[in-house]
Amino acid sequence: MEKVAVFGLGFVGLPLALSFAMRDCQVIGIDVDPSLVEDLNNGITHHLESYQSRSIQEILGEQLASGHFKATLDCTEAMEKCTSIIVTVGAPVDEGQYDLSPVTTVCRSIAQGLKPGDLVLIRSTLIPGTTRRVILPILEESGMKAGEDFFLGYSSERIAEGRAFHEFENMPAAVSGLNEPSLEKAHALISIVTKAEIVKSNQFEVVEAAKVMENISRDVNIAMSQEFARFARALGIDIFEVIRVANTHLRVNLLTPGPGVGGYCLPNALYYLLPKAEEMGIDLPLLTLARQTNDGIPRLVAEMALNNLPVPADQACVGVLGLAMKDYSNDDRISPAHDVIHHLLKAGCQVKAFDPAVPSRYPYKVDSLEEAAKGSHGILVLALQKDVDYHNLPLFKKSLLGPQPFIVDTKNIYQRSEVESYGFRLETI
Ligand SMILES: NC(=O)c1ccc[n+]([C@@H]2O[C@H](COP(=O)([O-])OP(=O)(O)OC[C@H]3O[C@@H](n4cnc5c(N)ncnc54)[C@H](O)[C@@H]3O)[C@@H](O)[C@H]2O)c1
């Protein structure tokens with residue numbers, strides 16, 4: 001039975017650990033967050049994943065009961081028992097500066113318990129060059145030689161939250177190894193879960209860079225769609241309709257515009273390339289402009305609301321639907337919704353935001369659609385969630401204030417004629 005330690009039990013680590021556990025591996029998950037570890041061992045998680053009609057909560061319960069999975073704060077037992085060690089902790093970015101310390105801290109703990117024959121597989125998204133230049137020397141502080149005494153692999157993580165179990169299994173994966181034995185061992189471990197193609201490279205840097213470039217390509221694509229949206233709006237045509245038509249071209253894949261680009265991956269990606277590019281004396285003007293474009297969208301969305309207020313902003317109230325970084329997610333890290341709200345609050349507005357999937361608390365968060373709408377001068381729809389009745393226009397009619405309340409629809413869910421028949425003003429992307 002394969003014995004797997006997974007460091008980091010977040011949006012990637014938890015479903016990955018359970019994916020191995022479901023396939024009869026013995027898995028120990030390690031995290032530094034005591035309340036997370038306690039919740040997981042009690043079968044509690046807020047994640048919104050599912051696999052073959054079973055929720056992640058059911059899967060977690062089953063794997064705890066079968067003894068295939070447990071969570072812990074202390075890596076000693078995991079390092080003693082497990083021979084496959086997977087790292088999924090992130091490198092957060094703050095004000096454009098990345099912080100590798102979660103990854104280096106984990107690798108130092110691993111080095112202390114590393115045994116001959118172990119495989120360390122890094123799955124965090126990293127600045128190209130990190131596995132070789134930073135991680136490898138830390139692991140060799142164990143006194144063992146990488147590629148000989150222990151094995152080192154890097155495999156990029158490509159899942160989208162909400163589809164994690166399915167994509168671990170069915171998304172083609174990319175893997176690299178320090179040398180042939182490392183690559184073969186990493187490939188064998190990944191293939192326990194991944195049934196799709198697993199592309200091999202013998203250079204860590206290729207797989208690290210591909211991952212960051214995959215993310216940036218989506219960021220740039222969205223920035224382009226945002227610009228197309230402004231053009232289409234001025235022309236009086238619907239950008240979502242334009243994209244639907246354009247994407248029937250077999251070599252075109254435009255992503256959709258929205259309230260901005262959020263989450264852990266896309267907004268951070270450029271900041272994993274820029275320092276390295278600077279070090280090498282290379283400019284990345286297009287990529288930088290795309291990031292700035294996407295960073296600027298929440299302000300434009302907030303202005304759509306501010307320009308429609310019937311009263312001065314400091315007397316106004318705005319209802320926000322959706323705090324998550326994307327539709328049907330419980331993750332509101334780096335969410336454009338918070339940026340939109342920040343602009344509204346800065347202008348003096350009161351904000352009441354409703355998102356039933358996001359567990360975090362905020363002063364502006366309310367517990368129902370009714371509360372968000374009641375006494376507001378308009379509604380902004382920023383992320384969709386299940387079981388929210390966005391089309392309850394009679395409720396909005398009853399609850400919203402002013403002669404012509406506004407709805408800012410960044411999700412393309414309303415028909416203009418219907419919204420206007422209720423006397424609302426509709427603003428779209
Ligand atoms: N979230 C996604 O959809 C996604 C998709 C592809 C790739 N990635 C990448 O995967 C990595 C993880 O992302 P995530 O969204 O799961 O992050 P996350 O923040 O949800 O999870 C990281 C976990 O690591 C834990 N942690 C931090 N320091 C630790 C330490 N020293 N020891 C043990 N645990 C520690 C945190 O408490 C947290 O629970 C990142 O590199 C990210 O870029 C994420």
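Where residues in region 101-132 are in a helix (DSSP H, G or I) and of a type in the set (D, E, K, R), which of them is farthest from the ligand (Cβ to nearest atom)? Here the answer is 132. Considering only residues of region 255-282 that are closer than 21 Å to residue 328 by Cβ and among the aliphatic types (A, V, I, L, M), which is nearest to the ligand (Cβ to nearest atom)? My answer is 266. Among the residues of region 322-355, the ones that are open to solvent by 30 Å² or more (accessible area, probe 1.4 Å) and in a helix (DSSP H, G or I) come to 6 in all. Got at least one residue in region 274-290 being crowded, with 23+ Cβ neighbours inside 10 Å and either at pLDDT 95 or above or of a type outside the set (A, V, I, L, M) (or both)? Within region 274-290 (the criterion being crowded, with 23+ Cβ neighbours inside 10 Å and either at pLDDT 95 or above or of a type outside the set (A, V, I, L, M) (or both)), the answer is yes, since at least one residue qualifies. Evaluated against (1) in a strand (DSSP E or B); (2) closer than 16 Å to residue 49 by Cα, residue 175 falls short on exactly one condition, (2). Do we have any residue at all in region 247-254 that's without any contact (Cβ under 8 Å) to a residue 60 or more places away in the chain, in the same structural domain as residue 277 (by TED's automatic domain parsing) and surrounded by 14 or more Cβ atoms within 10 Å (Cβ to Cβ)? Yes, the conditions are met somewhere in region 247-254.
The rows are residues; the columns are (1) acidic (Asp, Glu); (2) at negative phi; (3) in contact with a helix residue (DSSP H, G or I) (Cβ under 6 Å, 6 or more places away or on another chain).
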{"site": "74", "(1), (2), (3)": "yes, yes, no"}
{"site": "78", "(1), (2), (3)": "no, yes, no"}
{"site": "81", "(1), (2), (3)": "no, yes, no"}
{"site": "88", "(1), (2), (3)": "no, yes, yes"}
{"site": "92", "(1), (2), (3)": "no, yes, no"}
{"site": "96", "(1), (2), (3)": "no, no, yes"}
{"site": "100", "(1), (2), (3)": "no, yes, no"}
{"site": "106", "(1), (2), (3)": "no, yes, no"}
{"site": "109", "(1), (2), (3)": "no, yes, no"}
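Screening residue 161 against (1) under 22 Å from residue 3 (Cα atoms); (2) open to solvent by 20 Å² or more (accessible area, probe 1.4 Å); (3) acidic (Asp, Glu) leaves a single unmet condition, (1). On the basis of being more than 12 Å from the ligand (Cβ to nearest atom), assigned to a loop (DSSP other than H, G, I, E, B) and open to solvent by less than 30 Å² (accessible area, probe 1.4 Å), does residue 90 make the cut? No: the conditions fail for residue 90. Once region 12-50 is narrowed to residues that are free of Cβ contacts under 8 Å to residues at least 24 places away in the same chain and open to solvent by less than 60 Å² (accessible area, probe 1.4 Å), the residue that is farthest from the ligand (Cβ to nearest atom) is 43.
Filtering 82, 75 for residues that are assigned by TED's automatic domain parsing to the domain that holds residue 158 and more than 13 Å from the ligand (Cβ to nearest atom) leaves a single hit, 82.
Every residue, every condition in (1) free of Cβ contacts under 8 Å to residues at least 60 places away in the same chain; (2) within 28 Å of residue 268 (Cα to Cα), yes or no:
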position	(1), (2)
69	yes, no
73	yes, yes
85	no, yes
94	yes, yes
99	yes, yes
112	yes, no
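Can we say residue 334 is among the aliphatic types (A, V, I, L, M), more than 19 Å from residue 372 (Cα to Cα) and modelled with pLDDT under 95? The answer is yes for residue 334.
The values are calculated or read from the model by the stated rules, or taken from the named source; none is laboratory data. Values in this document were obtained by computation on a predicted structure and should not be read as measured data. Here Cβ is always computed from backbone atoms with ideal geometry, including for glycine, and neighbour counts include all displayed protein chains. Just so you know, the surface numbers come from the protein's heavy atoms only, side chains and all, with ligands and any DNA or RNA stripped out. Shrake-Rupley method; radii C 1.70, N 1.55, O 1.52, S 1.80 Å.
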